[in-house]
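The values are calculated or read from the model by the stated rules, or taken from the named source; none is laboratory data. For clarity, every value in this text was computed on a predicted model and none was experimentally measured. We place every Cβ from the backbone using ideal geometry, glycine too, and count neighbours over all the protein chains shown.
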Amino acid sequence: MEFRLTAEQELFQKSLRGFCEKTITPRSREIDERAQGIPDEIIAAMAGLGIFGITIPEKYGGSAVPGEEIVDAMLAVSELARADLSMSIPVYALLCLGWSYVVVKQGTEELKQEILPKIAAGKMFLGICTTEPGGGSDLANITTRGTRQGDHYVINGEKVFISGVAEALQRGGGHLTLFRTAPELGHRGMTFAYIPTRSAGITPTTIADMGRNGLSTGGMAYSDVVVPAAYVLGQENRGFYLLMEGFNVARTLVVAACVGAAEKALEMSAAYTQQRVLFGVPLIKNQGISFDIAEDRAKLVMLKNTLYKAAWMLDRHYEDGSFTTKELNEIVAICKLTAPPLALDIVKHAMIHHGAYGYSKECPLEMAMRGVMSYLVGAEGGLNIMKLIIAREFVGDVAVPYR
């Protein structure tokens, strides 16, 4: 394993940072406050740079480099998060990147041809749809059902706290959705399929969140929604397992967003405390501040190295099966357990270092605090769920209370 990027990856990262600083950062506050979604021209510019095609093969309009998709996506999401501390744009991107990658690996040829070129071109949104009113962590007990009728399924049920509901309606697209097809089999009787949000029988709703205001959150009620069998990923009744594989990719990209935001906040602290003079000396000379920054830096570097390992392992796993699913589950869960609270701590410290300015909306740090918080409360898996996964993979099934 080499902890360095290829020349192509370094060039991509440098180009993307320049693009983000010029195009995204100046408009991040506008995107957060207007709460009308990410402007079309920014999505188009991102697509023109190839961001949405990183995990999609050239055959379907993307630019994926085989065996490097997740590392490349990780770099992109991290740079986007540095630029948009509200997390709206990085989350929009990581959803499209992570779940289109799952379609590449598990979707039918018909589904790939239909949606992947549009996702790569920034003309379609793709997200994940699992959480229900009864909860998001207990996926084995979802109630949404699908009944096979010839060459299609009929879906009935309800989902809630889903990202990108409005975007899928406006731009086209939909969500990879989990539903029961054999209730008597428990989690072994679930199916995973793409459902377009504009389908007849779907009643969408939106929910106002405290952060990430440039990306919608909402829900969907399904009433006899017809979904072609060609939209099913993998096999019928294998959906729960495919979803778990997809979560490893999605969680890795979530960690990348947290790392990018934390990295930017820490850099802001370092810069501000060097130039801010108090009692005749720069703030950084106060060890109460410099030691805060040093500890945050140490923890962030360790997390970033673990993130690189997780992304590298995912690429190797899907390329040649170098690592077991158990090993992947553990390393990704370790990252997801660590990243949101660390990012929040770093942002909080940065706000304190900036004083009253850090608490104001003149400073972007408060956007970061609101955006990162979504990953502490459970998006892509709550922190206690990550602890359960780590305990299960390290100790064994005896450590899981519901078995």
Residue check: is Glu8 at pLDDT below 95, surrounded by fewer than 16 Cβ atoms within 10 Å (Cβ to Cβ) and within 19 Å of Asp315 (Cα to Cα)? yes
So which residues in the stretch 211-230 are over 22 Å from the mean Cα position of the chain (by Cα) and under 21 Å from Val160 (Cα atoms)? Ala221, Tyr222, Ser223, Asp224, Val225, Val226, Val227
Answer yes or no as to whether Thr191 is more than 20 Å from the chain's Cα centre (by Cα), crowded, with 20+ Cβ neighbours inside 10 Å and either at positive phi or not assigned by TED's automatic domain parsing to the domain that holds Tyr375 (or both). yes
Please go through (1) surrounded by 16 or more Cβ atoms within 10 Å (Cβ to Cβ); (2) among the aliphatic types (A, V, I, L, M); (3) modelled with pLDDT under 95 for Leu178 and return the number of the only condition it doesn't satisfy. (3)
Could you list, ordered by first residue, the pairs with Cβ atoms under 8 Å in which the first is in the stretch 98-124 and under 11 Å from Gly62 (Cα atoms) and the second is surrounded by fewer than 22 Cβ atoms within 10 Å (Cβ to Cβ) and among the polar types (S, T, N, Q), at least 6 apart or interchain? Ala120/Ser63
Which residues, counting only those in the stretch 104-146, are of a type in the set (Asp, Glu) and not assigned by TED's automatic domain parsing to the domain that holds Leu178? Glu109, Glu110, Glu114
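The rows are residues; the columns are (1) of a type outside the set (Phe, Trp, Tyr); (2) modelled with pLDDT of 95 or more; (3) under 30 Å from Ala182 (Cβ atoms); (4) in a helix (DSSP H, G or I).
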site: Leu243; (1), (2), (3), (4): yes, no, yes, yes
site: Ala261; (1), (2), (3), (4): yes, yes, no, yes
site: Ala271; (1), (2), (3), (4): yes, yes, no, yes
site: Phe291; (1), (2), (3), (4): no, yes, no, yes
List every residue pair whose Cβ atoms lie under 6 Å apart, where the two residues are 6 or more positions apart in sequence or sit on different chains, the first residue falls within the stretch 256-280 and is of a type in the set (Lys, Arg), and the second residue, located anywhere, is part of a helix (DSSP H, G or I). Lys264/Arg82; Arg276/Leu283
Let me spell it out: the conditions are (1) touching a Gly at 6+ places or on another chain (Cβ under 7 Å); (2) surrounded by 17 or more Cβ atoms within 10 Å (Cβ to Cβ); (3) of a type in the set (A, V, I, L, M, F, W, C); (4) modelled with pLDDT under 95, and Ile155 meets all of them except one. Which number is the exception? (4)
Among residues belonging to the stretch 87-105 that are in contact with a Ser or Thr (Cβ under 6 Å, 6 or more places away or on another chain) and not hydrophobic (A, V, I, L, M, F, W, C), point out the one that is farthest from Phe3 (Cα to Cα). Ser100
For the stretch 244-254, what are the residues that are under 8 Å from the mean Cα position of the chain (by Cα) and among the aliphatic types (A, V, I, L, M)? Ala250, Leu253, Val254
Condition met for Gly396 (modelled with pLDDT under 90, on the phi > 0 side of the Ramachandran plot and not polar (S, T, N, Q)): yes
When you go through Ser88, Ser78 one by one, which is the residue that is under 18 Å from the mean Cα position of the chain (by Cα) and farther than 26 Å from Arg316 by Cβ? Ser88
Just one of the numbered conditions (1) modelled with pLDDT under 95; (2) of a type outside the set (Asp, Glu); (3) under 16 Å from Thr143 (Cα atoms) is not true of Arg171; which one? (3)
Give Met302, Met268, Met313 a once-over and let me know the one that is surrounded by fewer than 14 Cβ atoms within 10 Å (Cβ to Cβ) and among the hydrophobic types (A, V, I, L, M, F, W, C). Met302
For Thr143, work out the one condition from (1) closer than 24 Å to Glu380 by Cβ; (2) in contact with a Gly (Cβ under 8 Å, 6 or more places away or on another chain); (3) not in a loop (DSSP other than H, G, I, E, B) it doesn't fulfil. (3)
Have a look at Ala298, Ala310, Ala270, Ala265 and point out the one that is small (Gly, Ala, Ser) and within 21 Å of Gly382 (Cα to Cα). Ala310
